[in-house]
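A short worksheet on the structure shown next.
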Amino acid sequence: MSRGADPARRSETVGAALVVVSAFGFGTLAVLGQFAFDAGLNVPSVLVLRFTLATVLVWTLLAARRRRSDASERLRLRGRLFLTAVGLGLVGYTGQSALFFWGLEYLTAGVTTLVLYTYPAFVLVLSALVLGEPLTRRRLVALPLVLGGVALVAGVDPAGVSPVGVVIVLGSALVYSGYIVVSRVALADTDGLLLAGHVLPAAAVSFFTYGTATDSLALPTTTDGWLAVAGIAVLSTVVPVVTFFGGLRRIGASRAGLVSTVEPIVAVVLGVLLLSEPFPPTTFAGGALVLVGVWLIHAESG
């Protein structure tokens, strides 16, 4: 093997490791959200604190990056790109997060994450409709696998999975797919971290406005509540965003997508271990179909 191959292989290994860290971080969201609910917090309060703390951390990283690289680097988006980022925060990330946490009130952490993970199928359809990307034979096979997996997860089983919760989280997956498609276009003109620096505060403003209007905002009153919120902001938001973009640069989008399939597995395992959540055979089978469908989608892109 040539010497030049060693740095390339090391870079790929580091990239895969970063995406695994990202998937683990995203996989903790539902479990930490349940901890926050158990501590007495409601959805608007959790999400205002999540996006506010995450905004502070992301802008700290942006400022540090600017000092390390080029002091003239522009940290503010302008024009249509700025409006797109704000819209992504006010509508996309707000809608996705609200529906995800609302669904978490009906479903276990593991099932919530599994149902959300149908979003690659929605991205396929939206990309075909909006961006003109082809629906190939493999992708057409993947779509019914994903949808069939959700049907199994939502079916009657000993865990009593709520169909209402499944529909809500499917709505979250649909909104998230729209967010990804629009973000994909926006990322042609900026980088992910800077885009996140504008999306996150817009989402914080959205939930703060709603919480103020409904008089539903409250700060945590216990140490457990603050730890859950801090974990959601850091471990479930900032760390996975930063590590995913780092891994994406090293191994590419399709391989990063494949590695990210460990995310719902992490959520299921943590739900069973930390929350004693049930995981019956039908949910296992449905989750397996979802993951196989997602694997086909990403593998076909490579």
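Here are the numbers:
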| item | result |
| --- | --- |
| Value of Rg to Rh for the stretch 73-124 (Rh from inverse mean 1/r over Cα pairs, i.e. Kirkwood) | 1.15 |
| Among Leu174, Leu83, Leu99: highest mean-square fluctuation, GNM of the chain, C-alpha pairs under 10 Å | Leu83 |
| Length gained when the stretch Asp38-Arg68 is fully extended (0.36 nm per residue, less Cα-Cα span) | 6.7 nm |
| Phi-based couplings in Hz for the stretch 188-193 (Karplus 6.51, -1.76, 1.60; Gly and Pro marked x) | 5, 10, 7, 9, x, 5 |
| Pairwise label distance in nanometres, Arg76 with Ala17, each label 7 Å out on the Cα-Cβ vector | 3.9 nm |
| Computed Kirkwood radius, in angstrom, where 1/r is averaged over Cα pairs of the stretch 172-302 | 17.7 Å |
| At 1.002 mPa s and 20 °C, Stokes D of the stretch 10-66 from Kirkwood alpha-carbon radius, µm² per second | 158 µm²/s |
| From phi via Karplus (6.51, -1.76, 1.60), per-residue ³J(HN,Hα) for the stretch 166-181 in Hz, x at Gly/Pro | 4, 4, 4, 6, 4, x, 4, 5, 5, 5, 5, 5, x, 4, 5, 5 |
| Calculated [θ] (222 nm, deg cm²/dmol) that DSSP helices of n ≥ 4 give over the chain, each run adding -39,500 (n - 2.57) | -24500 deg cm²/dmol |
| Top of Gly79, Gly286, Gly225 by mean-square fluctuation, Gaussian network on the chain, Cα under 10 Å | Gly79 |
| Spacing of the two label points (7 Å from each Cα toward its C-beta) at Leu227 and Leu83, in nm | 4.7 nm |
| Distance from the stretch 62-134 to the stretch 203-255 (C-alpha centre basis), Å | 12 Å |
| Candidates Ala85, Ala109, Ala151, ranked by Gaussian network fluctuation over the chain, Cα under 10 Å, top entry | Ala151 |
| The chain, dipole about Cα centre (Lys/Arg Cβ +1, Asp/Glu Cβ -1), debye to the nearest 20 | 1220 debye |
| Where labels lie 7 Å past Cα in the beta-carbon direction, separation of Ala151 and Leu219 in nm | 5.1 nm |
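Here, each number is a calculation from the coordinates, and none is a lab measurement. Because the structure is predicted, anything quoted here is derived from the model rather than measured. All Cβ positions, glycine included, derive from the backbone under ideal geometry; neighbour counts span all protein chains shown.
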